[in-house]
Every structure is written in C-alpha cells, then in structure tokens.
C-alpha cells in the first residue's frame, strides 16, 4: 500500500463509536498492516492477533512507540491524534512517515496546520463509511520483515520483564497481566484515571469481545466506580473495575450502591497510598515535593476492606507478590457477588516506560543506552 515498507494502522475510539470494529479488523487483515491502537481503541482487536502491536504514546509500550516512530506510512482512523498519542513537540511525531488521517471532525485534522505536522492524506468521514468504501479496493502486501522487526522489539522490551516477578511486594504490571489471564471473553473492564489506566493500557491483554470503559481524554478521578455500576445495568454482565485509592475516594459513596444491590462488580483497588501519577510528575518537575499527593503531604485514606464490609461487600487485602497467583485470584471471581481486593502497591512504583515532556515519542524513560537506542531507530534521530 502506497509502496510502504513499514506501515502502521492507528485505531482510535471513533471506530467503536461508528460501529466499525469488525470493518477495522477486516481492513487490517486484508491489507496485512499491523495495528497500534490508542487507549480508546485497545479493545477493538484481541492481543493475540498477529497484527496487534500494542499501545503507544506518552504512556505506551516501548515497542509500540518504536513501531510508530519508525513507520513510513501511518493511517489513523477514528483518532484525533492528541498530544498523548504524538508526544511533544508534535513535529517530532512519525517524522518520516506519510500520514493519512480519517476523522469525522475536520477541525481535528486541520489543527496540525499550526503544529508543524504534515498530514498528507485527509478524509473527513465516519469510520464505518471509510472502511466500507476502502475494503473492496485494499490489496494485501507482504510486510514480513517489518512484522519481524516489531516482534524483535517486543522480545527486547517486554512491558513485564522477568525481574518484575522477583519482587517481594506486588508489582502492578504482574498483577494486571495475571488479571487479564483470568478474565473471560466478553467481559467488561472499567478503569479510573492515573496509574490504573496507564498500567492497564500497557500490560492488559484484551480478549475477543471484551470492553474497556474509561472517560477517554477527560480522565476524571472517581469515574470508575459509577461507570462500573452503569456498565452493569446497561449490559447485565459482571464488571471488573481497576481503580486507585485516590480515585476511589472521589466516589466512595457508590460502594453502598454496589453492596446494597449486590451488583456483580469486582473492584481491584491498586492502593499506593496517594496520587502516584501526580507524584511521578512532582519527582520529574518539582523536586519531589509531594504536597497533597501523599500521606505525608496531607492525604488521608480509610481502611478500604473495613469500608467495603460496612457497605455489604466481601473484601480482602493483598500485600505480597506470592498472593498474586491464579489460585488466589480465582477466589475473587468464584461467584457474581461484589468483591473488593485491596492490593497494597509500593507508593514509589512508577508508570514505566513513560515519555518525558519535550522528548520524541520513541525516547522513553527509563532511557536506553544511547548506542542501543540509535541502533533501534530506522529513521534519523530527532535533534
């Protein structure tokens, strides 16, 4: 397609809004182009599809970012390519790629005229209409060397390396990966903002038919629990919520709704004693002054297991990595009654990798050795 050797499809939340999930996957398979979804598009294609790359962006995977940064053709459908996807400066994004953008809002396409990013192909159209028109004309090309390169990046830079499994305390990436293995096809996953959604977007392995519900690009703390209640009543299904202690405090009164109606909602609480993503920013920019984001900085939290019991939920607390096993975790899901799991996380556990502001998408923290980094780049380094 377009004589590209290293193409990437970007699937955004607009595809689901258009009811075009099956069309999008069919287009990827028909063309042979690998897919890097935005956070809002993570549940469109199952993780075990051979064309699925993984998340990219400021809180993406290293292999996802290398794939997008080194592409020579990007086709973004249903994504406005916000700064979380492009990094800053925007002019550094996929700088050697021809960019084709399909979005129903022309203003989202036009904004790049003022940002130093050239969008070569423009299609202001509903995603389903685009795929319906494009599918009969798409041709499958052989991108085997490119797919092999992406697979090599995945082997070199796994989101959950073996060292994480050696930690005594619970590693959130290990927990998220284990959780994804236990959830069923068709399950619905809700999330709050902060580290919870970032760890899920990086490490959760979505299966066929699963839904990922989050307030994309608004990311309010406290959204997750009422969203889980709404998702259950809308679908009639069991819901799994992954949230943080700071976010849960914003809507903690809804525990009474869950317990009072015995809703089948499983709450995985990643409890790191504060607002960890804010603290990570405070470390990077403000000299590690954790005002209003830590216990020492003035925050206070209840005993969440006691609070859950008081509201009619069963609850347990996990403090050790040895407790993150399929045998233990299956007890959380043995029935459809509400359950809260209070998982104690190291307060200093960061989202990793993460893009530092002013760095191009491919150059994530923790920084690679400069020689190794240069060796992974197939396009000129950003100056």
Checklist outcome for this item: Restricting attention to region 209-220, the residues that are in contact with a helix residue (DSSP H, G or I) (Cβ under 9 Å, 6 or more places away or on another chain) and without any contact (Cβ under 8 Å) to a residue 40 or more places away in the chain number exactly 4
Checklist entry - Can you spot a residue in region 119-128 that is touching a residue at least 12 places away in the same chain (Cβ under 8 Å), within 20 Å of residue 65 (Cα to Cα) and either in a loop (DSSP other than H, G, I, E, B) or not assigned by TED's automatic domain parsing to the domain that holds residue 17 (or both)? => result yes
Next on the checklist: If residue 133 meets every condition in (1) part of a helix (DSSP H, G or I); (2) surrounded by 18 or more Cβ atoms within 10 Å (Cβ to Cβ) apart from one, which number is that one?
Outcome noted: (2)
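Do we find that residue 159 is assigned to a loop (DSSP other than H, G, I, E, B) and either buried (at least 19 other Cβ atoms within 10 Å of the Cβ) or not assigned by TED's automatic domain parsing to the domain that holds residue 363 (or both) in this structure? Break it down into steps so the answer makes sense when it comes.
Details: assigned to a loop (DSSP other than H, G, I, E, B): yes; either buried (at least 19 other Cβ atoms within 10 Å of the Cβ) or not assigned by TED's automatic domain parsing to the domain that holds residue 363 (or both): yes.
Considered against the rule, which asks whether it is assigned to a loop (DSSP other than H, G, I, E, B) and either buried (at least 19 other Cβ atoms within 10 Å of the Cβ) or not assigned by TED's automatic domain parsing to the domain that holds residue 363 (or both), residue 159 comes out as yes.
So is residue 200 in contact (Cβ under 8 Å) with a residue 60 or more places away in the chain, outside any strand (DSSP E or B) and in contact with a strand residue (DSSP E or B) (Cβ under 8 Å, 6 or more places away or on another chain) or not? Explain how you work it out, then say what you get.
Details: in contact (Cβ under 8 Å) with a residue 60 or more places away in the chain: no; outside any strand (DSSP E or B): yes; in contact with a strand residue (DSSP E or B) (Cβ under 8 Å, 6 or more places away or on another chain): yes.
When the stated conditions are applied, residue 200 does not pass them.
Listed here are the residues, each with its yes/no results for (1) surrounded by 17 or more Cβ atoms within 10 Å (Cβ to Cβ); (2) within 26 Å of the chain's Cα centre (by Cα); (3) in contact (Cβ under 8 Å) with a residue 40 or more places away in the chain.
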residue	(1), (2), (3)
313	yes, no, yes
337	no, no, yes
341	yes, yes, yes
344	yes, yes, yes
351	yes, yes, yes
361	yes, yes, yes
364	yes, yes, yes
370	no, no, no
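Which fully enclosed helices (runs of 4 or more DSSP H) of region 244-334 have 1 or more residues being out of contact with any helix residue (DSSP H, G or I) (no Cβ under 6 Å at 6 or more places or on another chain) and under 21 Å from residue 231 (Cβ atoms)?
245-250, 255-260, 304-310
Quick check, is residue 352 outside the structural domain of residue 92 (by TED's automatic domain parsing), in contact with a strand residue (DSSP E or B) (Cβ under 9 Å, 6 or more places away or on another chain) and part of a loop (DSSP other than H, G, I, E, B)?
Values: outside the structural domain of residue 92 (by TED's automatic domain parsing): yes; in contact with a strand residue (DSSP E or B) (Cβ under 9 Å, 6 or more places away or on another chain): yes; part of a loop (DSSP other than H, G, I, E, B): yes.
So residue 352 fits the description; yes.
The values are calculated or read from the model by the stated rules, or taken from the named source; none is laboratory data. Given the structure is predicted, the values throughout are model-derived calculations rather than measurements. Glycine gets a Cβ as well: all are built from the backbone with ideal geometry, and neighbour counts include every protein chain shown.
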